[in-house]
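The values are calculated or read from the model by the stated rules, or taken from the named source; none is laboratory data. From a predicted model like this one, the values you see are computed outputs, not experimental measurements. For neighbour counting, all protein chains shown are included, and Cβ atoms are generated from backbone atoms with ideal geometry for every residue, glycine included. What goes into the accessible areas is simple: the full protein's heavy atoms, side chains included, and nothing from ligands, DNA or RNA. Shrake-Rupley method; radii C 1.70, N 1.55, O 1.52, S 1.80 Å.
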Amino acid sequence: MKLEEFSKFNRKTIMTRNKDVEVGLRTDMYTVIEPAEMTFSRHIWWGRSKTLLLLLFALLYLLTCPNLYAKASDFHFSVEADVTVRFAEQGEYVFLNVDSAGRRTLSYLEWQQKPLFMPRAKVSAGWKNLYISASARTAIPARCGSVFDSDWMNVSYFPNCAAEYANIKTNYTESDCKTNYYYEFSGELSYMFNVADSLSFSPFAELSYVHSFFSAMGASGSYYNRNGTEANVYYGSYNDADNSYDIEIGGDEVLSLERAVLQAWLGGRFNMEITTKLDMGFSMAVNLWTFVQSLDSHLVTGVYYLDEIEDNFGGIRAELDFAYNFSKKSSLVFATKYTALQTMEGTAKSAAWENASYDEYFDCSYWQNGKYYKYTSGFDFSSIEFTLGYRYAFN
């Protein structure tokens, strides 16, 4: 099927200034819009990230500033450089809620990070048993797996249909996933308690900020071929061989996801000296708070979706690490970490032009026949990471 004829699911018709813009639940034919640089609403994030960075620098200064009454041995300072290989999946949902009777999945995109190669630099400082650390890492731009795009069109056309029809996946495509950029900054504050001669426990609090941009390149899959002139005819499955048609698009960018995530974690870490040469650590943390802002750009249809999600206690994280000590100051570090964030739900807005400002995005929800049809967005994430690095302690 030609790219110019490619048809893609959208949301409900909205009023924009003095004209109707079709971004709705109908499958119309669109003209291809050439990919362009996306405009992302960053004014919210500048205020939040500026506060976070000022807090981290203030704490680092307090721990490293000269203290005439402290012993030199009371201070600790180390640097670390490492590389992480991450295998991850981040989910992007659209839900439809009818009079709060329950949500139905309307659309789901799974963006893979398989793998991401992520170099990092970390600085740690401490005074007696109080420690603070700050780190920054990025990801090497490259292909990183696939993007799986699924739609349930019966929920679009027949939001009150029986569950057997609402659960039919009607549209499905696969694309190549490409990392455009990825930046992550984090800071941690901890206090170490000596439990035994070779065992310590450190409760910690952590703040992290991630800004990433991924693209879906090309697409292949199939859509159920429903005759739009037939009234009250439900969609069938995308893999119905007799009633579906193939979608095939070249390697052009068809979707992009720019996402910013701010998180707070609270946890504890055990450290054990196995031998003079080998240390082991294990930590677990709970996600206290997550704020997500995503810009999902549909470059074929020219529709842009802005999602905002905020949730508490939405996930867990566990990490196991080993350090081989060449000396008291020099160590080789290996770590593996697992992170799981449950599906979080938030607001969903859309606009029909690429350079829309934050205030020009509209709520996609609507009233019809006395019922309120509310669109919401969703986010989830899971990953496993393997890290190899080198750490040097100055004292």
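A few notes on this one:
- Sparse-neighbour loop sites [chymotrypsin sites (Phe, Trp or Tyr not before Pro); the range 337-371; at most 11 other C-beta within 10 Å; DSSP]: none
- Here the gap between Asn194 and Ala393, fully extended at 0.36 nm per residue and compared with their Cα-Cα distance, gives a gain of 69.7 nm.
- 22 Å Cα-Cα threshold exceeded, pairs from Lys169/Lys371; Lys277/Lys329; Lys71/Lys328: Lys169/Lys371
- Length released on extending from Lys114 to Phe201, taking residue separation times 0.36 nm less the Cα-Cα span: 28.0 nm
- Once both labels are positioned 7 Å from their Cα atoms along Cα-to-Cβ, the gap between Lys329 and Asn225 label points is 7.3 nm.
- Spacing of the two label points (7 Å from each Cα toward its C-beta) at Val79 and Lys128, in nm: 2.9
- The HN-Hα couplings worked out from phi for the range 123-134 by the Karplus form 6.51 cos²θ - 1.76 cosθ + 1.60 (θ = phi - 60°) are 10, 10, 9, x, 10, 6, 9, 9, 10, 9, 9, 9 Hz, whole numbers, x standing for Gly and Pro.
- Fully extending the segment from Phe322 to Phe87, taken as 0.36 nm per residue of separation minus the present Cα-Cα distance, adds 82.6 nm.
- With every protein chain in place and a 1.4 angstrom probe, the accessible-area ranking of Met344, Met280, largest first, reads Met280, Met344.
- In loop segments of the range 290-357 as defined by DSSP, the trypsin sites (Lys or Arg not before Pro) with at most 15 further C-beta atoms inside 10 Å of their C-beta are Lys328, Lys329.
- Mean separation of Cα contacts under 8 Å, 6 or more apart, over the residue count of the range 72-136: relative contact order %: 41
- With the cut-off at under 12 Å, measuring from each backbone N in the range 162-200 to a point 7 Å along the Cα-to-Cβ line of Ser237 picks out 168-170.
- Counting only residues at least eight positions apart within a chain, or on another chain, the aspartates and glutamates with an alpha carbon under 14 Å from that of Lys114 are Glu89, Asp176, Glu385.
- Along the range 210-224 the Karplus relation, 6.51 cos²θ - 1.76 cosθ + 1.60 evaluated at θ = phi - 60°, assigns HN-Hα couplings of 10, 10, 9, 8, 10, 10, 9, 9, x, 6, 8, x, 8, 10, 5 Hz to successive residues, with x for each Gly and Pro.
- Charge sum, other residues only, whose C-beta stays under 12 Å from Met118's C-beta, Lys/Arg counted +1 and Asp/Glu -1: +1
- Sequence-ordered 3J(HN,Hα) estimates for the range 74-84 from the Karplus curve with 6.51, -1.76 and 1.60 and θ = phi - 60° stand at 6, 9, 10, 8, 8, 10, 8, 10, 8, 10, 10 Hz, glycine and proline given as x.
- Among the trypsin sites (Lys or Arg not before Pro) in the range 214-292, none is located in a DSSP loop while being surrounded by at most 11 other Cβ atoms within 10 Å of its own Cβ.
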